[in-house]
Amino acid sequence: MMNSTTSNRNRIEKLASAAFALLVWQAGAMLIGESLLIVTPIAVVKRLFSLFTEADFFTSIGYSFLRIVAGFLAGLIVGTLMAAVAGKFHLAEIMFQPFIATIKSVPVASFIILCLIWLSMGTLSSFISFLMVLPIIYSNILQGIKSTDRKLLEMAEVFRVGLLRRIVFIYLPQLKPYLMSACSVAMGLAWKSGIAAEVIGVSNGSIGEKLYEAKIYYTTADLFAWTFIIVVLSIGFEKLFLFFIKKFYAGLERL
Amino acid sequence: MDIVISGLSKRYGEKTVLKNFNAIIPEKKMTFIMGPSGCGKTTLINILMGLVEKDGGTITGVPLLKSAVFQEDRLCESFNAVSNVRLVCENKVKNKEIISHLERIGLEDNIFKPVIELSGGMRRRVAIVRAVLAKSDIIFMDEPFKGLDDKTKEKTMQYVVDNTRDKTVVIVTHDIDEANILGGKIINMEHLKTIS
């Protein structure tokens, strides 16, 4: 009862703060009175509805979504495998360190421009998303592996528990908070960097290309509308992915 | 084959835990290791389990197939009792058999709850069933009955006796009554109290 009241109150507070922000935005845009600089939220909503009817709207979303998600999933898989190897062999951790440090510290724009020379437009956003996701997943999972309860591992050693069972019963449950937090952070970054790659590379038929056109033609309403779509896609995919991870863990615990 | 321990020694930094320790642990019998806190009982069974390196001495006859009830329960918290036991069992041990063992030890109402939700005494009993059902020739038990009330302790002790007849069992305990009830060889480490 108490929880439901608190949750309802939280929801109302969030809605109120969103409504307040929209009001400030609307008032600010009306005060400036120049749609080239800032459009009103109402204009953005109108543009969003008109975008839905455009022929290439869903194909642009599909193009970017598939590539960015593919990059994210590749980063998740490769980062996890690298962390598993580094967790087992200290030498591997040392060897991976310069690559991870480089990816973490080099600006994403430098990678995008470099990759423009190496890669096709179709694979650019996937690769950039992959590159940005990799160090986050690697670092978090490795930290999780290192924090695994030594006493449980000793227990597994005494009972001669096989690797697969160790992974399922010991490592995966202990990695859960690290995996959830890494995925949450990495997913947002995958979208930001992937779209940036599409804008700089002007990938044909992508959301990035739409943003680039909005910049060229000064269509601020388009810029806001597409940005809104990116945010919705990013948050929606994050929620969906984390939901499946939670489902996966719930299934695991029923084993 | 009996386990023969000769001249065993172990130090942690400046602290000598075991010095020239000798003992024989008979095969397929219960042996109780007794003594006050800090005399090296847990260190001794950790060495026998292969978890701690000895500094000196020889140990022969320790079977390869071991199982254990550790000082802490060392259970996988988010899994239920059956899963925790199955983790260490061979595939041929079916859930039905595991459930039957858990019921025998008084856990019938808590079999499918995550062990994190169980009381200390219940968790202890899950750890005991896990050690009993794992394929092993020797079972190490470090204060296995701690935290159990008298009635449950009696039931659990009977369960251990009934299910470990063909195994070597090494039990660390402070309680002489446990040794007297269960019966077996007693190795008293009192005179070996930690030398600093």
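Applying the selection to the stretch B:104-122, what residues are away from every other protein chain (no Cβ under 14 Å) and in a strand (DSSP E or B)? The answer is none; no residue qualifies. Among the criteria (1) at the interface with another protein chain (Cβ under 9 Å from one of its Cβ atoms); (2) closer than 23 Å to B:Met1 by Cβ; (3) in a loop (DSSP other than H, G, I, E, B), the one B:Glu77 does not fulfil is (2). Among the residues making up the stretch B:127-158, those that are part of a helix (DSSP H, G or I) and open to solvent by less than 70 Å² (accessible area, probe 1.4 Å) are B:Ala127, B:Ile128, B:Val129, B:Arg130, B:Ala131, B:Val132, B:Leu133, B:Thr152, B:Lys153, B:Thr156, B:Met157.
Among the criteria (1) open to solvent by 20 Å² or more (accessible area, probe 1.4 Å); (2) over 16 Å from the mean Cα position of the chain (by Cα), the one A:Leu152 does not fulfil is (1). With the structure loaded, tell me whether A:Leu142 is within 14 Å of another protein chain (Cβ to nearest Cβ), among the aliphatic types (A, V, I, L, M) and over 22 Å from A:Ala250 (Cα atoms) or whether it fails that test. Judged against the criteria, A:Leu142 is not a match. I'd like to know if the stretch A:44-57 contains one or more residues that are among the polar types (S, T, N, Q) and open to solvent by 100 Å² or more (accessible area, probe 1.4 Å). Yes - at least one qualifying residue is present in the stretch A:44-57.
Residues that are of a type in the set (Asp, Glu), over 20 Å from B:Lys185 (Cβ atoms) and open to solvent by less than 40 Å² (accessible area, probe 1.4 Å) do occur in the stretch B:69-92, at least one of them. Selection of the stretch A:181-238 for residues being assigned to a loop (DSSP other than H, G, I, E, B) and surrounded by fewer than 18 Cβ atoms within 10 Å (Cβ to Cβ) yields A:Val202, A:Asn204, A:Gly205, A:Tyr217, A:Tyr218. Say we look at the stretch B:119-139 and pick out the residues that are without any contact (Cβ under 8 Å) to a residue 60 or more places away in the chain and among the basic types (Lys, Arg); which of these is farthest from B:Asp2 (Cα to Cα)? Of everything passing the filter in the stretch B:119-139, B:Arg123 is farthest from B:Asp2 (Cα to Cα).
The values are calculated or read from the model by the stated rules, or taken from the named source; none is laboratory data. Everything quoted here is computed from the prediction, not taken from an experiment. As a convention, Cβ positions derive from the backbone with ideal geometry for all residues, glycine included, and neighbour counts pool all protein chains shown. Accessible surface areas use protein heavy atoms only, side chains included; no ligands, DNA or RNA. Shrake-Rupley method; radii C 1.70, N 1.55, O 1.52, S 1.80 Å.
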